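Heads up, the thing below is written out as structure tokens.
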């Protein structure tokens, strides 16, 4: 979980820099805003993976399996599809099927957060913070 979160966070920084510098002159304002949204959500969920790993004791990692996969797939589907759609004027690629992938990623994010809330609210994950 830590490795995945760290890799996604580092990639978000790199893609954010790409958007702020190189893509700024290549994309229209709407596409650039969409690209920035993808970077932002990728970073939010990369950090969420790191926080979940830090809060979870080694013997309790099994409880975090669903949020881990939901956030990881959410990043790939949500942010990945937006990166693709935002840069299609540069790549020349057009795939109508990619549009519906974005909300699937969003639903994965939402379900991951709901499951995290359930785990902590139900006491299934005992924490000794502080």
### Query
Can you tell me which of 52, 76 is surrounded by fewer than 19 Cβ atoms within 10 Å (Cβ to Cβ) and touching a residue at least 12 places away in the same chain (Cβ under 8 Å)?
76
### Message
Need pairs with beta-carbon distance below 9 Å; first residue over 20 Å from residue 46 (Cβ atoms) and within region 108-125, second exposed (fewer than 11 other Cβ atoms within 10 Å of the Cβ); sequence gap 6+ or separate chains.
### Response
118/124
### Given (1) in a helix (DSSP H, G or I); (2) surrounded by 13 or more Cβ atoms within 10 Å (Cβ to Cβ), number of the condition residue 27 does not satisfy
(1)
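Can you work out which of the residues in region 7-24 that are over 20 Å from the mean Cα position of the chain (by Cα) and assigned to a helix (DSSP H, G or I) is surrounded by the most Cβ atoms within 10 Å (Cβ to Cβ)? Break it down into steps so the answer makes sense when it comes.
Step one: list which residues in region 7-24 are over 20 Å from the mean Cα position of the chain (by Cα), which gives 21-24.
So of that shortlist, the ones also assigned to a helix (DSSP H, G or I) come out as 21, 23-24.
Numbers: 21: 9, 23: 18, 24: 12.
Step by step, filter region 7-24, then rank; the result is 23.
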#### Entry: helices (runs of 4 or more DSSP H) within region 77-122 that include 3 or more residues under 15 Å from residue 31 (Cα atoms) and under 15 Å from the mean Cα position of the chain (by Cα)
80-86
### Query
Out of the residues in region 30-49 that are within 17 Å of the chain's Cα centre (by Cα) and more than 20 Å from residue 113 (Cβ to Cβ), which is surrounded by the fewest Cβ atoms within 10 Å (Cβ to Cβ)?
33
### Task
Tell me which residues, restricted to region 96-121, are exposed (fewer than 10 other Cβ atoms within 10 Å of the Cβ) and modelled with pLDDT under 90.
96, 97
### Message
Let me confirm something: among 47, 73, 32, which residue is at pLDDT 95 or above, in a helix (DSSP H, G or I) and under 17 Å from residue 100 (Cα atoms)?
### Response
73
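The values are calculated or read from the model by the stated rules, or taken from the named source; none is laboratory data. On a predicted model such as this, the values are computed, not experimentally measured, just so you know. All Cβ positions, glycine included, derive from the backbone under ideal geometry; neighbour counts span all protein chains shown.
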